[in-house]
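As structure tokens, the structure follows; a few thoughts come after it.
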Ligand SMILES: Nc1ncnc2c1ncn2[C@@H]1O[C@H](COP(=O)(O)OP(=O)(O)O)[C@@H](O)[C@H]1O
Ligand SMILES: C[C@@](O)(CCOP(=O)(O)O)CC(=O)O
Ligand SMILES: [Mg+2]
């Protein structure tokens with residue numbers, strides 16, 4: 001039996017624009033997905049995803065060549081989950097050169113699904129690491145990140161950046177621009193507060209929506225480039241330990257993401273509640289459409305204000321997690 005875990009993340013800035021080659025800075029947070037795998041004697045795959053509940057039922061499925069999941073209600077949620085898990089297993093089989101390896105796998109996660117905290121990347125990264133190690137194949141962290149990116153790229157219909165998967169694999173704050181992925185050392189203390197509306201957005205759909213706007217309007221393409229400018233300015237603020245300026249740039253980034261149509265009423269309500277409470281900055285994180293915002297505040301005011309904000313289901317502090325994927 002082999003167990004690996006990998007962290008979720010918040011975007012300090014740069015989501016969406018990173019898909020088109022602009023830089024982004026995601027930061028791993030201390031919330032993890034844990035994947036347990038055990039090799040089987042046959043080539044079957046049995047997955048228990050403890051957090052994937054549909055109408056109160058836990059989804060449990062086996063996946064083989066032509067097999068559908070063992071649930072009587074096929075849903076896009078189950079199909080997407082199969083895409084991530086099957087993709088991760090495929091990568092581990094390929095890495096270990098054992099195309100017929102079968103597994104029993106259990107997924108447990110503290111990261112809300114589809115909420116912009118990178119649950120998909122954390123699950124894929126942890127699953128590849130655990131399954132490869134179960135097959136006695138030791139991959140470097142960079143190899144795990146690269147293989148996880150291929151899985152996200154496929155599930156998101158060919159539109160994904162390396163940001164989520166690299167951040168989850170490496171941990172800490174990272175910088176991603178196209179294929180160029182690096183860790184940022186010496187980041188100042190970033191007092192993250194997360195607000196969660198209990199909802200989710202469909203990453204593939206939201207990315208496709210931004211692409212369509214960008215293709216239709218030059219000013220939407222300019223907006224994507226402007227996000228890149230905000231990120232470059234933000235990197236300078238980070239290097240200068242100027243956290244108030246980081247906050248101001250997060251606010252600007254949220255406005256640009258909102259112009260691209262990926263915010264929502266509840267995300268905006270949480271962003272304004274955080275700003276009114278005195279947060280240095282607040283923005284949606286990840287694909288948007290619903291899910292989470294991230295704010296910067298070293299006082300308890302933002303967390304308290306969010307907990308009283310209609311539409312905010314949970315508010316919590318998130319610490320930067322300097323550790324990426326790890327064996328448990
Ligand atoms: N605990 C889990 N078990 C199984 N699949 C999961 C789990 N967490 C996330 N996933 C997969 O990741 C998808 C969410 O990914 P995505 O839409 O990219 O949002 P995010 O990465 O922001 O959470 C889920 O719909 C599911 O397919
Ligand atoms: C919108 C995007 O930039 C980030 C998506 O993050 P998440 O899956 O919502 O956590 C897409 C990507 O980078 O692949
Ligand atoms: Mg994701």
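The values are calculated or read from the model by the stated rules, or taken from the named source; none is laboratory data. The shown structure was predicted, so the numbers you read here are calculated from the model rather than taken from an experiment. Neighbour counts are summed over all protein chains in view; Cβ atoms, including those assigned to glycine, are modelled from backbone coordinates with ideal geometry.
Numerical summary
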quantity	calculated
Condition met for residue 309 (touching a residue at least 40 places away in the same chain (Cβ under 8 Å), in contact with a strand residue (DSSP E or B) (Cβ under 8 Å, 6 or more places away or on another chain) and either in the same structural domain as residue 117 (by TED's automatic domain parsing) or within 16 Å of ligand 3 (Cβ to nearest atom) (or both))	no
Criterion violated by residue 285 - all others in (1) more than 16 Å from ligand 2 (Cβ to nearest atom); (2) crowded, with 18+ Cβ neighbours inside 10 Å satisfied	(1)
Qualifying residue in region 205-228 (condition: in the same structural domain as residue 279 (by TED's automatic domain parsing), closer than 26 Å to residue 314 by Cβ and surrounded by fewer than 17 Cβ atoms within 10 Å (Cβ to Cβ))	yes
So residue 125, is it within 13 Å of ligand 3 (Cβ to nearest atom), modelled with pLDDT of 95 or more, part of a helix (DSSP H, G or I) and surrounded by 22 or more Cβ atoms within 10 Å (Cβ to Cβ)	yes
Those residues of region 145-180 which are out of contact with any strand residue (DSSP E or B) (no Cβ under 7 Å at 6 or more places or on another chain), in contact (Cβ under 8 Å) with a residue 24 or more places away in the chain, within 13 Å of ligand 3 (Cβ to nearest atom) and within 14 Å of residue 123 (Cα to Cα), in sequence order	148, 151, 152, 155, 165
Residues satisfying the stated conditions in region 128-144, i.e. over 21 Å from residue 10 (Cα atoms) and buried (at least 20 other Cβ atoms within 10 Å of the Cβ)	128, 129, 130, 131, 132, 134, 139
Matching option when the condition is in the same structural domain as residue 45 (by TED's automatic domain parsing), modelled with pLDDT under 95 and more than 23 Å from residue 28 (Cβ to Cβ), among 97, 157	157
Hits in region 190-202 (condition: assigned to a loop (DSSP other than H, G, I, E, B) and either modelled with pLDDT of 95 or more or not assigned by TED's automatic domain parsing to the domain that holds residue 262 (or both))	190, 191, 197
Test: residue in region 128-137 that is at pLDDT 90 or above, part of a strand (DSSP E or B), more than 15 Å from the chain's Cα centre (by Cα) and away from ligand 2 (no atom under 16 Å from the Cβ)	no
Residue 77, sole failed condition from (1) at pLDDT 90 or above; (2) part of a helix (DSSP H, G or I)	(1)
Sole residue being at positive phi, away from ligand 1 (no atom under 16 Å from the Cβ) and under 21 Å from the mean Cα position of the chain (by Cα), chosen from 261, 247	261
Criterion violated by residue 29 - all others in (1) in contact with a helix residue (DSSP H, G or I) (Cβ under 9 Å, 6 or more places away or on another chain); (2) at pLDDT 70 or above satisfied	(1)
Flag if residue 299 is more than 16 Å from ligand 1 (Cβ to nearest atom) and surrounded by fewer than 19 Cβ atoms within 10 Å (Cβ to Cβ)	yes
Residue under evaluation residue 159, criteria (1) touching a helix residue (DSSP H, G or I) at 6+ places or on another chain (Cβ under 6 Å); (2) in a helix (DSSP H, G or I); (3) over 18 Å from residue 9 (Cα atoms), criterion not met	(2)
Residues of region 257-275 classified as under 16 Å from residue 287 (Cα atoms) and either assigned by TED's automatic domain parsing to the domain that holds residue 114 or surrounded by fewer than 19 Cβ atoms within 10 Å (Cβ to Cβ) (or both), total	5
Breaking point among (1) more than 16 Å from ligand 3 (Cβ to nearest atom); (2) in contact (Cβ under 8 Å) with a residue 24 or more places away in the chain, for residue 138	(2)
